[in-house]
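The values are calculated or read from the model by the stated rules, or taken from the named source; none is laboratory data. As the structure is a computational prediction, the values presented were derived from the model and not from experiment. Quick reminder, even Gly has a Cβ in these numbers, built from the backbone with ideal geometry, and neighbours come from all protein chains shown.
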Amino acid sequence: MKNLLIAFIASAALFSCSTPTIFSNEDSQALRHVVLFQWADSITPEKKAELIAHFGSLKEKIGAIKDFEYGEDISVEGLTKGYTHCFIVTFADTAARNTYLPHPDHKAFGDSVVPYLKNVLVVDYITNK
């Protein structure tokens, strides 16, 4: 019984000294660039689809982009304040985001979309898991 207790204490001590891996993955410190669009009333569905495709195409043009996803609001809470589309651009770190922001393809996209927006909201954060 004493040997069993010693083995239990030793394994508990060993476990407590090891680095937990439950939260580790390749995105554990990624940078998320969250962009919300509030479209102008005059935008056509075709133009909206074209601009969304243009935004998505940046992943193939700008190597700093790790991932891109988007979706249209389906919330039932009524708290969107007119923002209907959310885009999440993932970067490995702030250096990658800083490469993306002044990139000519990003600038060209911004120039093409601004005339069709009422408002835009951007939030960047480092992931915490």
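When you look at Glu60, is it part of a helix (DSSP H, G or I) and either within 18 Å of Arg32 (Cα to Cα) or among the acidic types (Asp, Glu) (or both), yes or no? Judged against the criteria, Glu60 is a match.
In segment 68-115, of all residues being among the small types (Gly, Ala, Ser) and closer than 21 Å to Leu31 by Cβ, the one that is nearest to the chain's Cα centre (by Cα) corresponds to Ala92.
Do we find that Ala49 is within 19 Å of the chain's Cα centre (by Cα) and at pLDDT 95 or above in this structure? In short, no. Of the residues making up segment 42-58, those that are without any contact (Cβ under 8 Å) to a residue 24 or more places away in the chain and under 22 Å from Thr99 (Cα atoms) are Ala53, Gly56, Ser57.
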